[in-house]
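Input: a single structure, listed below in structure tokens.
The values are calculated or read from the model by the stated rules, or taken from the named source; none is laboratory data. Predicted model, so just to flag it, every value in this text is computed and none were measured. Positions of Cβ are generated from backbone atoms using ideal geometry, with glycine treated the same way; all protein chains shown enter the neighbour counts. Note: accessible area is taken over every heavy atom of the protein model, side chains too, but ligands, DNA and RNA are not part of it. Shrake-Rupley method; radii C 1.70, N 1.55, O 1.52, S 1.80 Å.
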Amino acid sequence: MDTPVTPPAAGRGPRRRDRHGRGMRGPIAPPQVPLAASRAEMFADLVQDSVERLERRWPQLSDIDFLVLEVPHLDGPGQVWDDEVVPLGGTVPARDGRPARVVVYRRPVEIRTKGRDERAALVHEVVVEQVADLLGLTPETVDPRYGED
């Protein structure tokens with residue numbers, strides 16, 4: 001018993017318990033559960049669902065980029081902020097080798113809807129309107145069910 005036992009150094013391995021002995025805290029829900037998806041991810045899924053629905057009828061939409069932004073940015077020289085109208089979406093035509101873009105603004109859409117079904121319907125209307133604007137068509141031509149409740 002001539003050799004003293006040295007205590008293990010703190011911080012060598014992963015902590016198994018917190019200082020109160022209750023165990024490590026983990027995520028509230030596993031990643032595959034919808035609870036684990038953020039609002040932004042769920043909104044992007046709604047936009048993607050709408051785009052996939054339209055791509056069956058309009059295959060040329062695969063050449064268009066669809067983006068989700070939080071709020072509209074009005075920083076161009078001819079753009080003026082109107083107190084009464086906040087855009088829900090917008091388009092950017094193709095130029096300089098970049099594909100055309102359709103933008104859906106998440107926060108203005110979320111503010112105007114109460115539930116997931118209502119939000120999905122409004123997202124689809126915005127996507128249809130922006131695609132129609134980009135293609136130079138009427139929204140009813142892009143989606144015959146446009147405007148139906």
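A few remarks follow.
- Scanning region 133-149 for residues that are of a type in the set (Gly, Ala, Ser) and either more than 26 Å from Pro99 (Cα to Cα) or at pLDDT 95 or above (or both) yields a count of 1.
- Region 16-75, subset surrounded by 14 or more Cβ atoms within 10 Å (Cβ to Cβ) and at pLDDT below 90, residue nearest to Glu110 (Cα to Cα): Pro72
- Test: Thr113 is without any contact (Cβ under 8 Å) to a residue 12 or more places away in the chain and β-branched (Val, Ile, Thr): yes
- Thr141 being open to solvent by less than 50 Å² (accessible area, probe 1.4 Å), free of Cβ contacts under 8 Å to residues at least 12 places away in the same chain and not acidic (Asp, Glu): no
- Residues in region 34-71 that are over 21 Å from Arg98 (Cβ atoms) and not hydrophobic (A, V, I, L, M, F, W, C): Pro34, Ser38, Arg39, Glu41, Asp45, Asp49, Ser50, Glu52, Arg53, Arg56, Arg57, Glu70.
- Taking the numbered list (1) open to solvent by 60 Å² or more (accessible area, probe 1.4 Å); (2) modelled with pLDDT of 90 or more in turn, Gln79 passes all entries but (2).
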